[in-house]
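*Asks:* If you scroll down you'll find the structure; I have some questions about it.
No lab work stands behind these numbers, since they all come straight from the coordinates. As the structure is a prediction and not an experimental result, all values here were calculated from the model. Heads up, the Cβs are rebuilt from the backbone with ideal geometry, glycines too, and the neighbour counts pull from every protein chain shown.
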Amino acid sequence: MPTYEQLQHLSPEQFRRACGVKLQTFNRLVEVLAEAKAKQKPGRPSVLSLENQLLLTLEYPREYRTYFPIAQSWSIHESTVCRMVQKTENTLIKETDCH
């Protein structure tokens, strides 16, 4: 899957086809993740931006791929993918606007 930097230049219709959600919905989900991140304790920064973490999370159920090929395409370890997907999903599940 392309990175957010590559997708942000697409039209809204093409963006939805690429990642499965509307651009407005995607931006709202990123806002929710940013709010949750601001409340967390500081630690080692993630290799991927919040936008790319969300894309990675959306890619997992959409393409039915395991963590290993996703990790290969994003150049990170598969355990990092697992943690990222679980953390992002749990954060979005807690937010009532995202249901």
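*Asks:* Running a GNM on the chain with Cα contacts under 10 Å, which residue among 38, 71, 18 ends up with the highest mean-square fluctuation?
*Replies:* Looking only at 38, 71, 18, the biggest GNM fluctuation is shown by 38.
*Asks:* Set Lys and Arg Cβ to +1 and Asp and Glu Cβ to -1, take the dipole of the chain about its Cα centre, and tell me which of 88, 19, 1 lies farthest positive.
*Replies:* Checked the options; the winner is 88.
*Asks:* Going 7 Å from the Cα of residue 49 in the Cα-to-Cβ direction, what parts of the stretch 16-39 have a backbone nitrogen less than 14 Å from that spot?
*Replies:* 27, 30-31, 34
*Asks:* Mind sorting out which of (i) 6.3; (ii) 5.8; (iii) 6.6 is the real mean projected area of the Cα convex hull in nm² computed from the coordinates?
*Replies:* (i)
*Asks:* Which of 69, 45, 12 ends up with the largest GNM mean-square fluctuation for the chain, with Cα atoms connected below 10 Å?
*Replies:* Greatest mean-square fluctuation among the candidates belongs to 45.
*Asks:* Oh, and also: As a test of the formula, what do you get for the chain when each DSSP H run with n ≥ 4 contributes -39,500 (n - 2.57) and the sum is divided by the residue count, at 222 nm and rounded to the nearest 500 deg cm²/dmol? Display every interim value, and only then the final one.
*Replies:* Values: 6 runs with 68 residues, N = 99.
So the calculated ellipticity at 222 nm is -21000 deg cm²/dmol.
*Asks:* Report, ordered by chain and residue number, the lysines lying within cross-link reach of residue 39, taken as a straight Cα distance under 20 Å and ignoring same-chain residues fewer than 8 apart.
*Replies:* Partners within reach: 87, 94.
*Asks:* What are the membrane-span-like helices in the chain by this rule: whole DSSP H runs, Cα extent along the axis at least 20 Å, mean Kyte-Doolittle hydropathy at least -0.5?
*Replies:* Numbers: long enough: 23-39 (25 Å, 0.06); 78-94 (24 Å, -0.48).
In the chain, the long hydrophobic H runs are 23-39, 78-94.
*Asks:* Among 78-84, 2-8, how do they line up by average Cβ neighbours within 10 Å per residue, starting with the highest?
*Replies:* Details: 78-84: 17.0, 2-8: 13.9.
In descending order of packing, they fall as 78-84, 2-8.
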